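First the structure, in the form of structure tokens, and then the observations on it.
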Amino acid sequence: MPTTRPAVRARATGAIRVRAAVAVAAGCLLAASCGVSDAPPPSGSPTSGSPSTTPERVAATPTPASSATPGESAPASESPSASPSPTGPPEFSAKVSKVTRDQLPYSWRPGCPVPVSDLRMVTMTHWGFDDKPHTGRLVVNKSVTDDVVTVFKRLYGWRWPIYKMVPVDAYKGDDFASIDAGNTSAFNCRAATGSSSWSRHAYGKAIDLNPRENPYVYANGSVAHKNARQFAKRPLDKPGVINPGDKVVKAFQQLGWEWGGYWSGPKDLQHFSKGGG
Ligand SMILES: [Zn+2]
């Protein structure tokens, strides 16, 4: 969700002079895969619908029927070597891939502040509201792929549910439609609302997480999406809801991402951005 705050616009403008992207994902440029785990991903998300042609790892092995209760079987450890029970959900997996112009038919266009070559598709496991694993995709700046994988691995370990996660191109780049569908997304080459400056999403350095459960709340308490009105208050103890000071906020903060829920005035409860703004 964009913002109209002057401070944010200033930051966005400053970010145009962004430092050369640190080659955090340099290995990914050279290697065919940057998978965090070799464990097979779960069955493809039923929400996958974007025109991606990225060679993604496709589930070849169905998830075995599980009798484990997800909440009880959630591993407390975040160690990369932590393994669920053989009959439990698959381990978290993530793959970072280059993207092409054709994969971003609506979200990128000439004149955007970052070239397509600076963007990556992160295909990774996420927990769902149906208490099952899914595979989702986020398009982000190549400089933040490690951050993204780190945080979403933790979310999965907590069985923290994400409703849906596909690039906004599935909604023709329409931010309102993506939010209305409860879709978690990152890159979208668009200006901040009411501004000629770029949103942090236009750099691939902002993520809107569960936008229905975590709406943009105007200073007067209103929200633009009717289906999100029940989620405007904080704290709120419901699945997929981000609360001040909770583990989700801290997971992002530890990597230098700021939460829009801490803004004064309007609060963008779904919004995390690297370096703020
Ligand atoms: Zn946002």
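Quick notes on this structure:
- Filter pass, Gly136 being under 13 Å from the mean Cα position of the chain (by Cα) and among the small types (Gly, Ala, Ser): yes
- Single residue of Ser195, Ser264 found to be part of a loop (DSSP other than H, G, I, E, B), within 16 Å of the ligand (Cβ to nearest atom), more than 30 Å from Asp130 (Cα to Cα) and at pLDDT below 95: Ser195
- Cross-chain or 6+ apart pairs with Cβ under 6 Å, segment 217-231 first and among the aliphatic types (A, V, I, L, M), then part of a loop (DSSP other than H, G, I, E, B): Val217/Ala232; Ala219/Gly265; Ala219/Pro266; Val223/Pro215; Val223/Ala232; Ala228/Arg212; Ala228/Pro215
- Among residues of segment 198-224, those that are farther than 27 Å from Pro110 by Cα and either touching a helix residue (DSSP H, G or I) at 6+ places or on another chain (Cβ under 6 Å) or more than 11 Å from the ligand (Cβ to nearest atom) (or both), counted: 13
- Residue count for segment 210-226, restricted to those that are surrounded by 14 or more Cβ atoms within 10 Å (Cβ to Cβ) and either of a type in the set (Phe, Trp, Tyr) or in a helix (DSSP H, G or I) (or both): 1
- Residue that is surrounded by the fewest Cβ atoms within 10 Å (Cβ to Cβ) [pool: residues in segment 175-209 that are out of contact with any strand residue (DSSP E or B) (no Cβ under 8 Å at 6 or more places or on another chain) and of a type in the set (Gly, Ala, Ser)]: Ser196
- The condition (being within 15 Å of the ligand (Cβ to nearest atom), of a type outside the set (Phe, Trp, Tyr) and in a loop (DSSP other than H, G, I, E, B)) is satisfied by just one residue among Asn243, Asn188: Asn188.
- Residues in segment 94-119 that are over 14 Å from Cys189 (Cα atoms), outside any loop (DSSP other than H, G, I, E, B) and not polar (S, T, N, Q): Ala94, Lys95, Val96, Lys98, Asp102.
- Contacts under 8 angstrom Cβ, first residue in segment 252-277 being over 16 Å from Asn214 (Cβ atoms) and in contact (Cβ under 8 Å) with a residue 12 or more places away in the chain, partner more than 11 Å from the ligand (Cβ to nearest atom) and β-branched (Val, Ile, Thr), 6 or more apart: Leu255/Thr150; Leu255/Val151; Lys274/Val144
The values are calculated or read from the model by the stated rules, or taken from the named source; none is laboratory data. Source: prediction; values computed, not measured. Reconstructed Cβ throughout: ideal geometry from the backbone, glycine too, with neighbour counts over all protein chains shown.
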